[in-house]
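Bear in mind that the values in this text are calculations on the coordinates, not laboratory data. Bear in mind the structure is a predicted one, so any value in this text is a computation, not a measurement. Backbone-built Cβ (ideal geometry, glycine too); neighbour counts: all protein chains shown.
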Amino acid sequence: MTAVFRDPATERAFRRRGFVVVDLWEPTAGDLVAQLFDTSDRGERDGYFVSTVLSDTSARAAYDELIRRTFASELAGMMNGYEAFLGALVVKRPTGATTVWAHQDGTCHDESFGPGVIAWIPVTEVDELSGHMRALWGSHRFLPGILATPPTKTCFEDVRDELLDREMPEVEVRRGQALVFNSLVIHGSPPNRSGANRLAAYLRFMPIGAPARHYWYDQDSEEVLGFEVGRDFFTTHVWGQRPTGAPFERLPVVEPRQLGIADLRRLRRRAWVRPLSSDRGSA
Ligand SMILES: O=C(O)CCC(=O)C(=O)O
């Protein structure tokens, strides 16, 4: 598989850990995104949400356009043949349910062309109180697969609280920096206790030329249906709804055997991922 990053050291870190932290902009680079939120927020959702779920399609489109315009070219410039296809705002209000449980992000393309790449970019300051991102570094190497939307039951469901609290170290990302991660890395974050909104930009990339796909979980038939979609699907689709047209693929959903923390540690050791405590750094 060709390298995702042009710089060999960044590529090595990305392959091994599944993430890098890159320093690309002034800390104020995301201020227009925060302003857009302040002026357009209608309080439609409480707690944690991503702008892709908003019913106001013009607000979704405005976040997509502004976030791509602000951050995409510097990030794409670091990569080999990747393009941004979705910009969204991640909101954690100071109220409501704001824990983001350990999860992997949905599959959006044929990954034989290369992994899904996500940039998570703090727009407001992120700290202990507002909730640093946490991740199970290296998990892209031992928990591969197609990730459906809405998600099917994972093999780490029974330990997801313990996983987030005890096994997933914080990664500190400042304004002006981006956490760039493989979409298969298990990530999440603790609740926002800061008393203020915690905002981050979310920008997804796929290899130029890779067929875009959406895997929809049909809970009635217990199947995951794969659809070939256009690049603009992700900015317009009502998440959770069945896409139009016929699926190109039907995958039966099999109840996964639940893994414990010891199993996950064993898998990590087998994948030759170093102990997490020794590895918190940036690219
Ligand atoms: O902002 C966060 O803490 C988590 C965001 C996230 O996990 C996601 O958008 O997939």
Check your understanding: When the Cα centres of region 190-241 and region 162-188 are compared, how far apart do they sit, in Å?
Key -> 18 Å
Review point. Hey, how many Å between the Cα centroid of region 1-63 and the Cα centroid of region 90-128?
Key: 8 Å
Review point. Tell me, what is the percent relative contact order of region 157-260, built from C-alpha pairs under 8 Å that lie six or more residues apart?
Key: 24 percent
Revision key, fill the gap. Simple spin-label estimate for residue 42/residue 265, 7 Å along Cα→Cβ, in nm, reads 5.0 nm
Check your understanding: Given H placed on each backbone N at 1.01 Å, which residues far from residue 155 in sequence or on other chains put an amide H within less than 5 Å of it?
Key -> none
Review point. What list do you get for 264, 179 if you sort them by fewest beta carbons within 10 Å?
Key: 264, 179
Point to revise | Only Lys, Arg (+1) and Asp, Glu (-1) charged, at Cβ; region 1-111 dipole about Cα centre in debye | key: 340 debye
Point to revise | Residue-wise HN-Hα coupling along region 212-223, computed from phi with Karplus coefficients 6.51, -1.76, 1.60 (Hz; x: Gly, Pro) | key: 7, 9, 10, 9, 9, 8, 8, 6, 6, 8, 6, 10
Check your understanding: Between residue 102 and residues 5 or more places away or on another chain, which pairs have amide H atoms under 5 Å apart, with H built 1.01 Å from N, and which residues are they?
Key -> 164
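Kindly provide the helix-only [θ] at 222 nm of the chain, computed as the sum of -39,500 (n - 2.57) over DSSP H runs of four or more divided by all residues, to the nearest 500 deg cm²/dmol?
Numbers: 5 runs with 56 residues, N = 283.
The per-residue figure over the chain is -6000 deg cm²/dmol.
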Review point. Size of the dipole of region 182-236 about the Cα centre, Lys and Arg at +1 and Asp and Glu at -1 on the beta carbon, nothing else charged, in debye to 20?
Key: 560 debye
Exercise for review: Would you mind listing how long region 98-208 runs along its three principal axes, going by Cα atoms, in whole Å with the largest first?
Suggested key: 41, 35, 24
Check your understanding: Roughly how many debye, to the nearest 20, is the charge dipole of the chain about its Cα centre, given +1 on each Lys and Arg Cβ, -1 on each Asp and Glu Cβ, and no other charges?
Key -> 860 debye
**Study point:** Karplus 3J(HN,Hα) series, Hz, for region 168-175 with 6.51 cos²θ - 1.76 cosθ + 1.60 (x for Gly, Pro)
**Key:** 10, x, 5, 10, 7, 10, 9, 4
Point to revise | Selected from 252, 18, 217, residue furthest toward positive end of dipole (the chain; charges at beta carbon) | key: 18
Review point. Could you give the length gained on full extension between residue 219 and residue 162, defined as 0.36 nm per residue of separation minus the Cα-Cα distance, in nm?
Key: 17.8 nm
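Sort 247-256, 137-146 by packing, meaning the average of other beta carbons within 10 Å per residue, with the highest value first. It would help to have the intermediate numbers written out before the result.
On the way: 247-256: 12.2, 137-146: 20.0.
Listed from highest to lowest mean packing, they are 137-146, 247-256.
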Revision key, fill the gap. Sorted by chain and then number, the residues having a modelled amide H within less than 5 Å of the amide H of residue 249, at least 5 places away or on another chain, are 226
**Study point:** For region 57-201, with +1 on Lys and Arg beta carbons and -1 on Asp and Glu, the positive-most of 112, 97, 169 along the dipole
**Key:** 97
Practice item. Among 199, 136, 152, pick out the residue whose Cα is farthest towards the positive end of the charge dipole of region 121-231, where Lys and Arg carry +1 and Asp and Glu carry -1 on C-beta, about the Cα centre. Key: 199
Check your understanding: Residue by residue, what Karplus-based ³J(HN,Hα) values in Hz, rounded to whole numbers, does region 238-247 have, using 6.51, -1.76 and 1.60 with θ = phi - 60° and x for Gly and Pro?
Key -> 8, 4, x, 7, 5, x, 7, x, 9, x
**Study point:** Computed FRET value (nearest 0.05) for residue 23 with residue 55, which takes r as the C-beta separation and R₀ as 35 Å
**Key:** 0.45
